[in-house]
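Peer 1: One structure follows; several queries about it will come next.
Only the coordinates and a few stated rules stand behind these numbers; no lab work does. This is a predicted model, so every value here is computed, not measured. Ideal geometry is used to build each Cβ from the backbone, glycine not excepted, and the neighbour counts take in all protein chains shown.
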């Protein structure tokens with residue numbers, strides 16, 4: 001298997017995902033708060049909305065990457081789904097852990113957790129792409145997870161539930177101080 005080329009693709013993915021994510025953070029405001037842009041960009045400061053800046057660039061990069069490395073890998077969609085899950089758990093876990101003690105967000109920690117999450121996402125993806133045996137059912141499950149995750153981002157943009165994940169941190173952190 002061409003693990004060297006897969007490795008380079010996953011490294012390129014780190015830079016692509018981080019760069020696009022940074023741009024996506026601002027595109028909603030730049031678009032005069034366009035609903036269409038809001039589907040793919042954070043529309044507020046909630047943690048849920050900020051998970052979009054990892055998910056959508058990763059899916060876009062994966063779509064491109066797939067055409068170049070699909071013959072050199074196993075379980076492509078499983079790898080990407082577990083990578084997405086990892087970056088989301090890292091961002092959410094770090095945010096809620098440190099704000100439990102500080103009672104306020106720190107941008108430098110948030111940005112660092114995003115970067116760390118993307119790097120770990122791509123490491124997990126690389127390991128699965130190059131080290132696992134093909135498993136069509138798990139790969140299909142990964143594709144289903146990616147599609148469901150995207151659908152939830154789109155739906156919850158316009159219909160957010162009441163949970164803390166969907167609230168702006170300033171609302172609940174102020175309440176607990």
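Peer 1: Assuming 0.36 nm per residue, please report the length gained on full extension of the stretch residue 96 to residue 147 beyond their Cα-Cα distance.
Peer 2: 15.8 nm
Peer 1: Roughly how far apart, in whole Å, are the Cα centres of the stretch 1-53 and the stretch 104-177?
Peer 2: Rounded to whole Å, the Cα centres lie 11 Å apart.
Peer 1: Against the longest principal axis of the chain, how steep is helix 52-69, in degrees 0 to 90 to the nearest 10, with axes from Cα atoms?
Peer 2: Relative to the chain, helix 52-69 is tipped by roughly 10 degrees.
Peer 1: Once Rh is set to the Kirkwood radius over Cα pairs, what Stokes-Einstein translational diffusion coefficient, in µm²/s, holds for the chain at a temperature of 20 °C and a viscosity of 1.002 mPa s?
Peer 2: D = 127 µm²/s.
Peer 1: In what sequence, highest mean first, do 49-56, 130-137, 69-76 appear when ranked by Cβ atoms within 10 angstrom?
Peer 2: 49-56, 69-76, 130-137
Peer 1: Moving on to the next point. As I understand it, the value is the acute angle between the Cα axis of helix 76-102 and the longest principal axis of the Cα atoms of the chain; what does it come to in degrees, rounded to 10?
Peer 2: 30
Peer 1: Sticking with this one: Helix 107-131 against the longest principal axis of the chain: what's the angle in degrees, Cα atoms only, rounded to the nearest 10?
Peer 2: The two axes meet at around 20 degrees.
Peer 1: Return an integer: the convex hull volume of the alpha-carbon atoms of the stretch 82-160, in Å³ per residue.
Peer 2: Each residue corresponds to 103 Å³ of Cα convex hull volume.
Peer 1: Okay, which of the stretch 65-86 sit inside 16 Å, backbone N to the point 7 Å along the Cα-Cβ direction of residue 7?
Peer 2: Answer for the stretch 65-86: 73.
Peer 1: Next question, about the same structure. If R0 is 30 Å, what FRET efficiency do you get for residue 166 and residue 34 from their C-beta distance, rounded to 0.05?
Peer 2: E between residue 166 and residue 34, to the nearest 0.05, is 0.90.
Peer 1: Where the convex hull is taken over the Cα atoms of the stretch 138-177, what is its projected area averaged over directions, in nm²?
Peer 2: The directionally averaged projection comes out at 3.7 nm².
Peer 1: Given only helices, namely DSSP H runs of n ≥ 4 each adding -39500 (n - 2.57), what is the per-residue ellipticity at 222 nm of the chain, to the nearest 500 deg cm²/dmol?
Peer 2: -26000 deg cm²/dmol
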